[in-house]
1. For region 260-269, give me the residue count where each residue is touching a Ser or Thr at 6+ places or on another chain (Cβ under 9 Å) and farther than 21 Å from Arg41 by Cα.
2. Any residue that is part of a helix (DSSP H, G or I), touching a Phe, Trp or Tyr at 6+ places or on another chain (Cβ under 7 Å) and in contact (Cβ under 8 Å) with a residue 40 or more places away in the chain - is there at least one of those in region 26-41?
3. Considering only residues that are within 12 Å of Val113 (Cα to Cα) and within 20 Å of the chain's Cα centre (by Cα), which ones fall in region 176-191?
4. Among the residues of region 249-286, what is the count of those that are of a type in the set (Asp, Glu), surrounded by fewer than 24 Cβ atoms within 10 Å (Cβ to Cβ) and in contact (Cβ under 8 Å) with a residue 24 or more places away in the chain?
5. Could you pull out the residue among Val196, Val181 that is β-branched (Val, Ile, Thr), touching a helix residue (DSSP H, G or I) at 6+ places or on another chain (Cβ under 7 Å) and within 9 Å of Cys236 (Cβ to Cβ)?
6. Condition test on Pro91, is it in contact (Cβ under 8 Å) with a residue 40 or more places away in the chain, closer than 17 Å to Val130 by Cβ and surrounded by fewer than 17 Cβ atoms within 10 Å (Cβ to Cβ)?
7. Do we find a residue being outside any loop (DSSP other than H, G, I, E, B), touching a Leu at 6+ places or on another chain (Cβ under 7 Å), closer than 25 Å to Cys15 by Cβ and not polar (S, T, N, Q) anywhere in region 172-191?
Amino acid sequence: MTDAFSEDHEQVVFCHDRETGLRAIIALHSTALGPALGGTRFHPYPSTEAALADVLHLSRGMTSKNAVAGLDHGGGKGVIIGDPATDKTEPLLEAYGRFVESLGGRYVTACDVGTYVADMDVVARTCRTVTGRSESQGGAGDSSVLTALGVFQGMRAAAEAAWGEPTLAGRRVGVAGVGKVGRLLTGLLADDGARVVVTDVSADAVARVVAEHPGTEVVADVEALVREPLDVYSPCALGDALTTEVVEVLQARVVCGGANNRLARPEVGDLLERRGIVYAPDFVVNGGGVIQVADEPARLLVRAGPAAHPRHLRHHRGRAAHRPRGGGHDRGGGRPAGRPARRRRPGRPADVAARPLARIARYRRSRRGPWDEVPLSARRDTDSGTAHGRPGRRTRGSTPWVAAEPRPSRPRSPGSLKYFSPNTDLTALQREPPRW
């Protein structure tokens, strides 16, 4: 039996909605850097214990991924137990959104295996902390595009470490899983001149890739793929792809893929090192998607206009908007005769379209708040830590009731990530205490 307390998670929530049949688990591993960010996986787990083990493992990996990417987020993950082809319904996704909303902003969800952009639009009907939404809803669209691009670039870097050239031209690359990320990765590899071999449990997914890239080879299953004479092995399906048995028969010189938590056990990393296999850590190379969705809340605020801005900002700007322009008792909107036109304050944009951005910029320099108070990606700036003046001083242009405080310096990630070992301890990258 999996022990939820053995993984040092902050919170594990079991979600059950009898009316819709929802059975889900949400795990928050760490919120030291900010609200936990991680996708929601929809998968037919054989048991609740298997789902619990997977969500605990995945959420721990998200802590490392968000820390290495330099995001103001901790690690979390959600899993929904069921077959997405038959069990996924809009009422079920709405019920799941209500459970995510009940966490009060501690968890920000997104797409993962079995969930798509359209699903996140449905979840957003009942939950505010949702990213990975469609462009028509103000989101950034499919995050798997940047995930695949990051894996491809990581593969090129690993190729340079193994063979001295950052290219896959002429190399034989095996891709296990050609769903969202694997399919896009196959196209990038083909464009680079690689010879691609694929496999997937879905015959339709394989047929779609072969139709798009006719030169693609196909093998029966993963067991056959790892025994092929490969230069690069790219697991892009579920986790635990690298076991002791797989590594012992693997002929590839490089391992780099889009799957999370590829190492079934920590000792597998040592075996890869002994065999001289270049291993690109999953939490480094597949972070493109999470970087994209982490920036989405600020875009939603700008797109929605002043009504969607943080309530402190809305209140402050609303008072100024309703103040008579002429001053005194003039309610006509003009200025008294003889008074010169008011000069525009330096630094304030004249373009009306830029005002929402300027408000966010001023607000983020004055305070840091919860997810529903401050845009996640708009909290990082290059100021010295004070807002428009001395700490604690309220100055013109800042939020009037928040005293600015110097912010502690942000810890920097190691300068070079390609030398990380599979068992690198990333707890030093976490900040204490939480500041969100």
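1. Qualifying residue count for the region: 4.
2. So far as region 26-41 goes, no, none of its residues is part of a helix (DSSP H, G or I), touching a Phe, Trp or Tyr at 6+ places or on another chain (Cβ under 7 Å) and in contact (Cβ under 8 Å) with a residue 40 or more places away in the chain.
3. Gly179, Lys180, Val181, Gly182
4. Number satisfying all stated conditions: 2.
5. Checking each option against the conditions leaves just Val181.
6. Criteria met by Pro91.
7. no
Residues checked against (1) more than 17 Å from Gln11 (Cα to Cα); (2) outside any loop (DSSP other than H, G, I, E, B); (3) under 20 Å from the mean Cα position of the chain (by Cα); (4) at pLDDT below 95:
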{"site": "Asn66", "(1), (2), (3), (4)": "yes, yes, yes, yes"}
{"site": "Gly78", "(1), (2), (3), (4)": "no, yes, yes, no"}
{"site": "Ala85", "(1), (2), (3), (4)": "yes, no, no, yes"}
{"site": "Pro91", "(1), (2), (3), (4)": "yes, yes, no, no"}
{"site": "Gly105", "(1), (2), (3), (4)": "no, no, yes, yes"}
{"site": "Cys111", "(1), (2), (3), (4)": "yes, no, yes, yes"}
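The values are calculated or read from the model by the stated rules, or taken from the named source; none is laboratory data. All values reported here derive from a predicted model rather than from experimental measurement. Neighbour counts run over all protein chains shown; Cβ positions are idealised from the backbone, glycine included.
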